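Novice: Dropping a structure here in structure tokens format, bear with me for questions.
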Amino acid sequence: MTPPDIGLMLFTAAFGLVGIGALGIVMANHLVRIVLSIVLLETGANLLLMLSGYRAGAVAPIIVDGVVPASMVDPVPQALVLTAIVIGVAVQAFMMTLVLRLYTVYGTLDIRELRTHLERDLAKAAGVPLPGSADAPLDVPATVMRKGGS
Amino acid sequence: MRNYLSLLFLAGLAFLLFVIAGQFEFGMAPMLVGSAINQASPEQVGAANIVTSVVLGYRAIDTLGELAILFAAATAGGLVLGHAGTSARHDPDAGFILRAAADVLFPLLLMVGLFIIVHGHLTPGGGFQGGVILAAAFFLPLLARPGTRFPHGSFAIVEGIAGAAFIVTGLLALLTGGEFLQPLLGQGEMGGLLSAGTLPLLYIAVGLKVGTELAGLMAHIAEYEALDP
Amino acid sequence: MESLANWIVLLATVIMLVGAVAVLVLQNYLAAVAATSVVSLGAAVIFVVLRAPDVALTEAAVGAGLSGVIMALCLRRLGLHRIEGTAASAPQAGADTDGDS
């Protein structure tokens, strides 16, 4: 029983992660799930970057006992991915702080509800009637709309 | 409407990825700079771990930018969440098992983290990995006893000193006539603990900075007042 | 030896893809966070096979450890941390009505 081709499997994994992560960002309605999808996409992108540096039959780029091996894998993508992972977790923590703050202010994390809340608050702060409400004028220039709405 | 446009974007992304996949064969790295670095690194830098010589030698300015992003994320996190008030409600202490395990694990995690940081130029590991372990070590007491005050002030001082040390090391190289962040102090014997010039010192600075920043960020999240009892 | 690496990669790939799908479909958010950690663990295994021990160490420490801790802390603060998903996620899931109330 022969296993499938290693390159095919690795590309499937990387593309699958990127695709599932992007799909999650587009389709999910809950902010926590969107953050998790971004993490998935990040893992897939890192994996794709690592695949570009692999050399068949090479060893890890570490010199043991002063003997330089004949063929080593590319160290540059490894260094890039190394820093990208740590940046990723810091940015993820920052995204979660924003999510916490949003939940404190609005009490919900559903992006459809958040959009209505945000539209209402923006309209209130700008002094214009909510788009689509009974007060909103249909085709009036912005200056007139501001005067009439407040 | 928004979903259809996004799905169209996804289709474009998939097409782009398949074009990239078609461009190169698996196992045949197309980049030439990697082999050049593999050849030149033992003489130029002298670190047994070539990834370390890339992170702190050839692409050290990238690492500096990465530290800047970490700093920005940690600072912004603290800014968004704010400091915990003195009257803030705390979670109760954890159970006996977690408290006892935290006391036992704290020195062990500290030692493992420092070991990984100090041997970053010899074996797999280094400032980033060890720094994350240090962050876990610093955060563990807060997890076991949520009532304890996290020393944000002293952590910020350590973080600032570590970041400044990284830049000062780079500037010293500039003063002695080299490039910015060029390794100094000679190479030593490859494989020894005191080898590869200033790379271990830079990695210690990176490790302390990553550890304190991530621990501070986690402490900010943990101190944020719980909404749900 | 090469065949062994292929089997390991096959196992890790299947675990990662199943975990990624689970992140999107699981109703319980704590379980979704755990699935993210599983995906990171599979990625760490693949990085070892790709001769990148540095990256594997980072991914295992960060992706499978620290990231899960941060997400779990935040879920605790958001009140989504209960193991039984229905009580915590029901107000979020059934939010089809307009939020003007």
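Novice: When all alpha-carbon pairs of chain A are counted, what percent fall beyond 19 Å? Please report the intermediate quantities before stating the final value.
Specialist: Values: 7872 of 11175 pairs.
Percent of Cα pairs beyond 19 Å in chain A: 70.
Novice: Quick one: longest stretch of chain B between exposed loop trypsin sites (Lys or Arg not before Pro), exposed meaning at most 16 other C-beta atoms within 10 Å and loop per DSSP?
Specialist: On the way: sites that count: B:ARG89, B:ARG149.
Between the exposed loop sites, the longest stretch runs B:1-88.
Novice: Among C:LEU41, C:ALA52, B:VAL51, whose Cα lies farthest out toward the positive end of the dipole of the protein assembly as shown, if unit charges sit on the beta carbon of Lys, Arg (+1) and Asp, Glu (-1)?
Specialist: C:LEU41
Novice: Roughly how crowded by other chains is peptide C:36-44, in terms of the mean Cβ count from those chains within 10 Å of each of its Cβ atoms? All intermediate terms of the calculation are to be shown ahead of the outcome.
Specialist: Details: counts 7, 1, 0, 9, 6, 0, 4, 9, 1.
Partner Cβ neighbours, averaged per residue: 4.
Novice: Gain in length, B:LEU79 to B:GLN44, computed as 0.36 nm per residue apart minus the alpha-carbon separation, to one decimal in nm? Don't skip to the end; give the middle numbers.
Specialist: Numbers: separation 35, 0.36 × 35 = 12.60 nm, distance 4.26 nm.
Working it through step by step, the gained length comes to 8.3 nm.
Novice: Relative contact order of chain A: what whole-number percent is it, with Cα pairs under 8 angstrom and at least 6 residues apart? Walk me through the numbers on the way to the answer.
Specialist: Values: 125 pairs, mean separation 26.4, N = 150.
This gives 18 percent for chain A.
Novice: A follow-up question, please. If one takes the accessible area of chain C alone plus chain A alone and subtracts that of the pair, with a 1.4 Å probe, what total in Å², rounded to the nearest 100, results? Each step should come with its number before you reach the end.
Specialist: Details: alone 7190 and 10930 Å², together 13610 Å².
Summed over both sides, the interface buries about 4500 Å².
Novice: Between A:LYS124 and B:ILE157, what is the FRET efficiency for a Förster distance of 51 Å, r being their Cβ-Cβ separation, to the nearest 0.05? Could you put the intermediate results ahead of the total?
Specialist: Details: r = 43 Å, r/R0 = 0.84.
Given R0 = 51 Å and the Cβ-Cβ separation, E is 0.75.
Novice: To continue, here is another question. Give me the distance in nm between label points sitting 7 Å out from Cα along the Cα-to-Cβ direction at B:LEU32 and B:PHE71, one decimal.
Specialist: 3.7
Novice: Further question on the same structure: Using a 10 Å cut-off around each Cβ of peptide B:110-121, what is the average number of partner chain Cβ atoms that fall inside?
Specialist: Per-residue shielding by partner chains comes out at 0.
Novice: Taking only protein heavy atoms and a 1.4 Å probe, what accessible area per residue, in Å², does segment C:27-82 have with all protein chains in place?
Specialist: On the way: 1450 Å² over 56 residues.
Each residue of segment C:27-82 exposes 26 Å² on average to a 1.4 Å probe.
Novice: On to the next question. So how tilted is helix A:75-106 from the main axis of chain A? Cα-based, degrees 0 to 90, rounded to 10.
Specialist: 30
Novice: So with the 1.4 Å probe, I'd like the accessible area per residue for segment B:44-223, rounded to whole Å². Working shown, then result.
Specialist: Working: 7980 Å² over 180 residues.
Accessible surface, normalised per residue, equals 44 Å².
Novice: Still on this model: Only helices at least 18 Å long along their own axis, judged from Cα atoms, and with Kyte-Doolittle mean hydropathy of -0.5 or greater: name those in chain B from DSSP H.
Specialist: On the way: long enough: B:2-23 (32 Å, 1.58); B:60-81 (32 Å, 1.65); B:96-118 (33 Å, 2.37); B:127-144 (26 Å, 1.84); B:152-175 (34 Å, 1.75); B:199-223 (35 Å, 1.22).
Length and hydropathy pass: B:2-23, B:60-81, B:96-118, B:127-144, B:152-175, B:199-223.
Novice: Counting only protein heavy atoms, what percent of the accessible surface of the protein assembly as shown is carbon or sulfur at a 1.4 Å probe? Before the final figure, lay out the partial values.
Specialist: Details: 15570 of 22260 Å².
Carbon plus sulfur share of accessible area: 70 percent.
Novice: Okay, next question. Between C:LEU11 and B:LEU171, what is the label-to-label distance in nm when each label sits 7 Å out along the Cα-to-Cβ direction?
Specialist: Label-label distance for C:LEU11 and B:LEU171, simple model: 5.3 nm.
Novice: Helix A:31-51 versus the longest principal axis of chain A: what angle, 0 to 90°, nearest 10, using Cα atoms?
Specialist: Roughly 30 degrees, rounded to the nearest 10.
Novice: Simple spin-label model, 7 Å along Cα-to-Cβ: A:ALA70 to B:ASP62 in nm?
Specialist: 2.8
Novice: Quick one: which residues, 5 or more positions from A:MET72 or on another chain, have an amide H under 5 Å from its amide H? H modelled 1.01 Å from N in the peptide plane, none for Pro or chain starts.
Specialist: Long-range HN contacts for A:MET72: A:VAL59.
Novice: What's the total accessible area buried between chains A and B, using a 1.4 Å probe, rounded to the nearest 100 Å²?
Specialist: 4300
Novice: Report, in debye and to the nearest 20, how large the dipole of the protein assembly as shown comes out about its Cα centre when Lys and Arg carry +1 and Asp and Glu carry -1 on their Cβ. List each step's numbers first, then the result.
Specialist: On the way: 20 positive and 31 negative charges, 133 e Å.
Value, rounded to 20: 640 debye.
Novice: So which chymotrypsin sites (Phe, Trp or Tyr not before Pro) in segment B:1-61 are both in a DSSP loop and have at most 16 other Cβ atoms within 10 Å of their Cβ?
Specialist: Passing sites in segment B:1-61 are B:PHE24.
Novice: Roughly how many Å is it from the Cα centre of segment A:22-81 to that of segment C:27-83, as a whole number?
Specialist: That distance is 15 Å.
The values are calculated or read from the model by the stated rules, or taken from the named source; none is laboratory data. Everything numeric in this text was worked out from a predicted model, so none of it was measured. Reconstructed Cβ throughout: ideal geometry from the backbone, glycine too, with neighbour counts over all protein chains shown. The accessibility values were calculated without ligands, DNA or RNA, using every heavy atom of the protein model including side chains. Shrake-Rupley method; radii C 1.70, N 1.55, O 1.52, S 1.80 Å.
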